[in-house]
Structure formats: C-alpha cells, structure tokens
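Let me begin by presenting the structure, written as structure tokens, before commenting on it.
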There are 2 protein chains.
Amino acid sequence: MSLRYGIIGTGAIGGYYGGKLANNGNDVHFLFHSDFEFILNNGLQIDSVDGSFHLSNVNAYNSTRKMPSCDVVFVCLKSINNRLLKEMLPPIIHNNTLVVLIQNGIGLEADLQKDFPDLSIAAGLAFICSGKVGKGHIDHQCYGRLTIAPFSKIDMNVIDHVIADLKAYGVDALTADYATARWKKAVWNVPFNGLTVVLNTMTDKLLENPATEQLIRDIMLEVIHAANAVGVEQTIGESFADAMIASTRVMKPYSPSMKLDFDFHRPLEIYYIYSRPIEEALKVGVDMPKVSMLEKELKFIEDLYL
Amino acid sequence: MSLRYGIIGTGAIGGYYGGKLANNGNDVHFLFHSDFEFILNNGLQIDSVDGSFHLSNVNAYNSTRKMPSCDVVFVCLKSINNRLLKEMLPPIIHNNTLVVLIQNGIGLEADLQKDFPDLSIAAGLAFICSGKVGKGHIDHQCYGRLTIAPFSKIDMNVIDHVIADLKAYGVDALTADYATARWKKAVWNVPFNGLTVVLNTMTDKLLENPATEQLIRDIMLEVIHAANAVGVEQTIGESFADAMIASTRVMKPYSPSMKLDFDFHRPLEIYYIYSRPIEEALKVGVDMPKVSMLEKELKFIEDLYL
C-alpha cells in the first residue's frame, strides 16, 4: 500500500519535501496560493545541494476542496495562517489521516487538536536551510533532516512509512519524542529568528561578534531551562546550546525564516515562536526575560515597519 | 566673590548651561574641539524655549593648557573620552576646584577620583532636551533642570553658589544625594537611549506601542531594583518608573543622546550607561537580564555600523 500525500503550502519547506517525494514516484498533491497559475504552466524547480530537479507535471491545486483525500498531510503554512486549517483540512482528511505540522513554534499541535479532537497529529521539525527564491523555485542550501514527532496517539506504522518514503530518496528522516523535539527546535529558532530581524543581520555576523554570541547562548539557555521546567521526555542539557551554535557556525551566512519574512514585508510568526513559549513557561513559574524582550522588540518592528 | 567657570566640551549640555551663565555676566571659559575656529568668528547661538540668545564674545579655547584656573569645571564630554581628563584637568584646577561631571552613566565620579584623590567631584544630572544642531548652534527644546550631587566630601557653599548662579538666570538647579540622583537618571537613560538605537526610533513611538511601553517599564524596574540593591540614600519606589514614563509621554518626540550619536556615526556611551551599572549590580548579586541584552545588542550595532 502506498501513501497519498497532500502538501498544504508549497514554499521552501513543502516544496522541498513534497517535491522530493513526488520526484521519487510518490502520489503527491500540492496546494499553492499565489504561484498556482505559474506552476500549471512552468512546473516546480528544486535547486538542491543534494541534486537539483524539475517537476513538469505537478498535481497542483488552489483549494483543498479540489484535492483528493490524503493519507498524510504536510502543513507547511506560516503559523499565522493556522486559523485557516479548520476550513482547509476537512476536504482532504479521512479517519486515519496523519497531519504533520512542519512549522516553527510551541503549541501548534495542541491548538489544532482542539478543533480536530480525533485527528492524528505530529510535529514536523525541519533542520534545513531552504528558501523560496522565486515563483515555483525552491533553493535548498544545506542540511535537510526532517524529524516527525507524534503528538496524538498515532499508529507508528504510518510514521515509519513516511520516514521510509523520505529515506528512499535520500532525505534524512527520523522520529523523536514530541516535546523534546519541539523545544529543541525552539532553542535554535528563538534566538536566531528574532535577533536577525532586530539587528537586521544574518547568522554568521551574530556569531562573529562576542557580545551577540553570548546573547544567543543566554537566550538558548533560557529556552532550555523553560523546556525542562515545562516537561520534556528527555532533559535538555546546557551543552545543547553549544552544539547548536557550533552547527550554525559551519553553515553559510543564513537568514532564518523570520528574517526573510521581514525582508519581504510579510507578517512575523511572533505568537508561536515567542509569545506561546513564554506563556507555557510562565504557567510553570518560569520567566524568560530575554525571550520576552525579544518578543516585544519584534512586536514593535512588526507594527511599525510591516 | 564670584566663581570662574570652565566648560569642558561645549555641546548640547555645556553650551546650554555655560552659555546661560556667560550671558548673565558670569566669568565662563569654554573648551571647544571641532567648532573652535567657527566660534572665534561667529560666536555661540543658543536657541531655547526659555528665550534664545547669541554670545558674540566667547572665551573660547582649543586646549585646557591655554585656559585660566577655574573654581568650577563642568565636564560635558562624551564619557568615552573621560580617559583624557587625566591630562585635561590639571591646567585648570586649583586646590578647591569643584568638578561637576554632567554626563550619563554610573561610576564616572569614582573613576575620576582614582586619578585625582583630593579633587572635589560632583555629579551633574541634566534633565533637559537639548541638542547641538550645527556648528556653534545649540537647540534647547524642553525642560532644563540641573541637579548637582556631591560625590566627594565637598564644601556645600560652593555648590550652593553654583546653584544660585544658575537660578539667577532662570535655570532650575538644585542639589541631591549622589547615588540616588545617579541611579534615578539611569532609570530613564537605560531604556530610552538603547531602545531608540536598537529599534531606530524616537521616544514617542516606543511609548505608543504597548509592547515597547511594557518593555521600557520592565527595564526601568530592573534598574530600580539594582539601584536599591547597590545602595542609594533613599529607596527608589517602583512608581518612579510610571513618573518617568508620564513625563516622557508629554515631551515632543525625542532622540536621546545615544540615538543622536548613532545617527551621526559617533561612538556610543555603552560602558558607563550599560556595562558599568551591570557590573555594579552583579557585585551585589543582582542580575539585569534585559539591560544586559540591550548592552549586547548595542555592542553589535556599534561594531557593525559605526
């Protein structure tokens, strides 16, 4: 039995993972927004360090109401649009559909589960440098690992199947504990997304300067302490901050997704990346002063400049 | 007996207070840097909400070695230049000279006292909106109070005399306890100087946005708690933050001195406004996480853009 995939939001992330699956012969159906007409005429181009390719015949849609029912749905929207999922998901899910939220932040799965109490939901954590550089044009620069972490009670066979489909085309895919995976991702996302926006810079410059390198480490430690207080399956050690800094240092200069959103005058994902983790930590009595400061600086920037 | 005044650094602050004293007939001697030649030819123009005036015959100098010995010296340099005082002060001080550091920050007087153990030193706290808008041209927009707070053991008669000289021309002048005065000034300086630079904005925009208004209050509270821990003569209540925010709200949109320094590509006074208060607070076990974050953001900006 093969799985039918639906990709909700075909940008840097959905375009890359969905494109890889489609190019390897899987049955993949893509939802597009502004690029829909372009894709019908031109297909989808994936430039990748692991090998570039072009998809000529894309199963492209501009509404989920026109899409078939899918076994696995990758949600790759900006999280500010997640309120739309209540309307978008029903046409493409069946009783056993697995929905993977490949998005940044904390609390995404819990919020979706409120609207769909019986839905099988997993977190998707993409450790990837990938960007949408033009209409129907994805540029994958480095890394690519996708971690799929079950949030609901899920048939692990489905997750194993998805991982096998990804691995069959060379994508590094694996599963992990949910809370640990989400918070570990936040350890990187929280400092780098916000500081590249506030200081209008890229990852390399932040790590070259001793003051901001220390600040990044301080912020990472706030997130790690909050994570361990909120409750993760495996305690995250402080050395994880060093590991994240080391792996960022060997990357090419990089603009995280929030910096790209800022550069292109798009709304910033402040709620799920900042406000929600702050709320969750406060519920267990943990203050994150520097993360809170970054949240407020970002709110100012979003209100004034976007 | 009348006092002879020396003004070291004739900019927005030194030009205003020194100019007021000179225009009222006091014996005032001004040290200039880049404006020296201009002043000789054109004099000094003070535009002020309290009445504008022009000084045609200014006792202007380009080196303290050419200046007479003074009874009172107002130091109005940027604090990043304070290392120069060791050379600049000796020619113009006598056994009883009072040196008033009208500068922003914490620890300025203690550092100067190390180089001049017997010198009478006071802090000068200017609550004033004033800027240097061109060569020999000062623009005073609002407020104007000068608080003179004795740091060393000082003959209070001299301070009273200075206050009387200032009041004689309508300048609101008074004395106060040293540590309380310095830290109260820091309550305003720390949030507004740094955040207007980091967020490239002015005081009014920061207070219009609920997120940054809260952040300013949070930072003020960090400074207040540090001040009370370090030890001030009078405990500073949290309501002082509200008072500072209220008085800023009724000001015209304002660029604090550090924002002007940034705009004109001048070095930022990070050490005495940020690093030193952080150090003093840490000595008594108090962390200022948001102030520390602001310090690091400013160091990044200074290194990258100035």
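The values are calculated or read from the model by the stated rules, or taken from the named source; none is laboratory data. Please read these numbers as outputs of a predicted model, since none were measured by experiment. Neighbour counts are summed over all protein chains in view; Cβ atoms, including those assigned to glycine, are modelled from backbone coordinates with ideal geometry. Heads up: the accessible areas ignore ligands, DNA and RNA and are worked out on the full protein's heavy atoms, side chains in. Shrake-Rupley method; radii C 1.70, N 1.55, O 1.52, S 1.80 Å.
See the values below:
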read-out: Test for A:N228: is it more than 27 Å from A:G14 (Cβ to Cβ), assigned to a loop (DSSP other than H, G, I, E, B) and open to solvent by 40 Å² or more (accessible area, probe 1.4 Å); value: no
read-out: Meets criteria (at pLDDT below 95 and either basic (K, R) or closer than 25 Å to A:I159 by Cα (or both)) for A:D27; value: no
read-out: Among residues of the stretch A:181-224, those that are outside any helix (DSSP H, G or I) and hydroxyl-bearing (S, T, Y), counted; value: 1
read-out: Leading residue by the ranking (most open to solvent (accessible area, probe 1.4 Å)) among those in the stretch B:136-159 that are more than 27 Å from B:Y61 (Cα to Cα) and part of a loop (DSSP other than H, G, I, E, B); value: B:K153
read-out: In the stretch B:253-290, the residues that are polar (S, T, N, Q) and farther than 15 Å from B:L195 by Cβ; value: B:S275
read-out: Residue within the stretch A:268-278 that is charged (D, E, K, R), over 23 Å from B:S292 (Cβ atoms) and buried (at least 17 other Cβ atoms within 10 Å of the Cβ) present; value: yes
read-out: Residue in the stretch A:185-201 that is within 13 Å of another protein chain (Cβ to nearest Cβ) and either surrounded by fewer than 18 Cβ atoms within 10 Å (Cβ to Cβ) or without any contact (Cβ under 8 Å) to a residue 12 or more places away in the chain (or both) present; value: yes
read-out: Residues that are buried (at least 22 other Cβ atoms within 10 Å of the Cβ) and within 17 Å of A:I278 (Cβ to Cβ), drawn from the stretch A:172-182; value: A:R182
read-out: Residue in the stretch A:240-252 that is more than 20 Å from the chain's Cα centre (by Cα), of a type in the set (D, E, K, R) and either part of a helix (DSSP H, G or I) or within 14 Å of chain B (Cβ to nearest Cβ) (or both) present; value: yes
read-out: Criterion violated by A:L199 - all others in (1) closer than 27 Å to A:K20 by Cβ; (2) touching a Phe, Trp or Tyr at 6+ places or on another chain (Cβ under 6 Å) satisfied; value: (1)
read-out: Pairs where the first residue, in the stretch A:78-106, is among the hydroxyl-bearing types (S, T, Y) and the second is crowded, with 20+ Cβ neighbours inside 10 Å and assigned to a loop (DSSP other than H, G, I, E, B), C-beta under 7 Å, 6+ apart; value: A:S79/A:Q103; A:S79/A:N104; A:S79/A:G105; A:S79/A:E269
read-out: Test set (1) under 24 Å from B:T97 (Cβ atoms); (2) among the small types (G, A, S); (3) in contact with a Leu (Cβ under 7 Å, 6 or more places away or on another chain) - B:G194 fails condition number; value: (1)
read-out: Some residue of the stretch A:208-222 being free of Cβ contacts under 8 Å to residues at least 60 places away in the same chain, open to solvent by less than 10 Å² (accessible area, probe 1.4 Å) and away from every other protein chain (no Cβ under 14 Å); value: no
read-out: Those residues of the stretch A:111-131 which are hydrophobic (A, V, I, L, M, F, W, C) and either under 20 Å from A:D155 (Cα atoms) or surrounded by fewer than 16 Cβ atoms within 10 Å (Cβ to Cβ) (or both), in sequence order; value: A:L112, A:F116, A:L119, A:I121, A:A122, A:A123, A:L125, A:F127
read-out: Some residue of the stretch B:68-80 being small (G, A, S) and more than 30 Å from B:C142 (Cα to Cα); value: yes
read-out: Pairs with Cβ under 7 Å, 6+ apart, first in the stretch B:147-175 and at positive phi, second open to solvent by 60 Å² or more (accessible area, probe 1.4 Å) and not in a helix (DSSP H, G or I); value: B:G170/B:D50
read-out: Residue in the stretch B:289-298 that is farthest from the chain's Cα centre (by Cα), counting only those that are facing chain A (nearest Cβ under 9 Å) and in contact (Cβ under 8 Å) with a residue 60 or more places away in the chain; value: B:P289
read-out: B:I301 being within 14 Å of another protein chain (Cβ to nearest Cβ), crowded, with 23+ Cβ neighbours inside 10 Å, within 19 Å of B:M202 (Cα to Cα) and not aromatic (F, W, Y); value: yes
read-out: Test: residue in the stretch B:263-275 that is free of Cβ contacts under 8 Å to residues at least 24 places away in the same chain and within 24 Å of A:M220 (Cα to Cα); value: yes
read-out: Checking B:G285 against (1) more than 13 Å from every other protein chain (Cβ to nearest Cβ); (2) surrounded by 14 or more Cβ atoms within 10 Å (Cβ to Cβ), the condition it does not meet; value: (2)
